[in-house]
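Here is the structure we will look at, set down as structure tokens.
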Amino acid sequence: MNVWKVFGAGIRQVFHHKKLLLLFYVPNLLLAYILTVPVKSALQRAIGHSLVSEEVARFVNISFLVEFSREHPGLISALLSGVGGVMLVTVLLNTFLLGGAVSCLTLRRSSTWGEIFADSATYFGRFFRLFLLSLVGYTLAIFVAFFLNRGFVALGRALADSGGSFAGRIAGLVTLAVFVLFVNQIFDYAKILTTRYDEPRAWHALRRSLGFIFSDAHFWRTLFLYYLVTAFAVLAVVVYNGGASVLDFPSNLFILLLFLWRQLFILVKVGIKLLYYSSQAMYVNAQLPQVEPMEPTEFLA
């Protein structure tokens, strides 16, 4: 099946499953509110209600946070504990919800809320184990990219002046992004194949994923499909930032429009998150029409 057709079919499937958009949008919106409101109110209590406090609450300023932590060690410690707790809940919640969403998208069925949450409960433990394995993968990717970055910087310095060193750093950052995205892709397919084959073992699902991606017939297509969705995500961010800069104006109407624009962008982000799984699941289903055991390639056996 043509990758562009898979991409288009993935978009249509996301629009078809509007329940899944709400499934991620509403809980994550509530968690974002729980995370930002206490932080903003704490900063305003510490430095007062002013344009400066509003600006600090909106944008992260590392130097300010360092100084703030020195002046208010107890408050910053409490804030960090609260932020860490909310982030942990966010990871667990999204891991739970992904089970129902990926199952629905992979098996191409319209599910009720009860069926979605039942699948979420079924696959939560398996997806959480895959998440723990992915941490190892991300660590390895960052470790390798770090040494490659040092090599690129050294090569740039040897071949040119400071401009070559800067180019080496850019090459290192691009390499890091490629490695991290590739690890993410591998575990996306592992989740899809977990639901497709009802695979209870995370390690076996990972082997299935590697076997599928690294096969001669699928490697370049899966890579192109993943980066096609990534390019779509980058385009969405560019459009959002452009619109937000236009609407950032001190007027009640523009404040309302900016709020609505941000909510639309959150929905688009949720849609793109689902599009990764939808398009890749479409590709898997097109290449493996019969649900049957799939052996990993020889180098993984």
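Throughout, read-outs are computed from the coordinates displayed, never taken from laboratory work. Just so it is clear, the model here is predicted, and its values are computed rather than measured. Here the Cβ is made from the backbone with ideal geometry for all residues, glycine too, and neighbour counts use every protein chain on show.
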Ranked list, fewest to most other Cβ atoms within 10 Å of each Cβ, for T195, T95: T95, T195
Subtracting the Cα-Cα distance from 0.36 nm times the residue separation, let me have the gained length for I170 to Y25 in nm, one decimal. 48.8 nm
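Please sort 99-110, 274-285, 259-270 by packing, taking for each peptide the average over its residues of neighbouring beta carbons within 10 angstrom, highest first.
Numbers: 99-110: 20.8, 274-285: 24.3, 259-270: 15.1.
Highest-to-lowest ranking by the protection proxy: 274-285, 99-110, 259-270.
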When K273, K19 are arranged by how many other beta-carbons sit within 10 Å of their Cβ, fewest first, they go K19, K273
Please work out the C-alpha center-to-center distance from region 11-38 to region 211-284 and express it in whole Å. 14
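Using 1/(1 + (r/R0)^6) with R0 = 41 angstrom and r between the beta carbons of V136 and Q263, what's the FRET efficiency to the nearest 0.05? It would help to have the intermediate numbers written out before the result.
On the way: r = 36 Å, r/R0 = 0.87.
For R0 = 41 Å, the calculated efficiency reads 0.70.
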Which of the peptides 5-18, 202-215 is most tightly packed, and how do the rest follow, going by the mean number of other Cβ atoms within 10 Å of each residue? 202-215, 5-18
Consider just the alpha-carbon atoms of region 179-256 and return their Rg together with their Dmax, both in angstrom. 19.2, 57
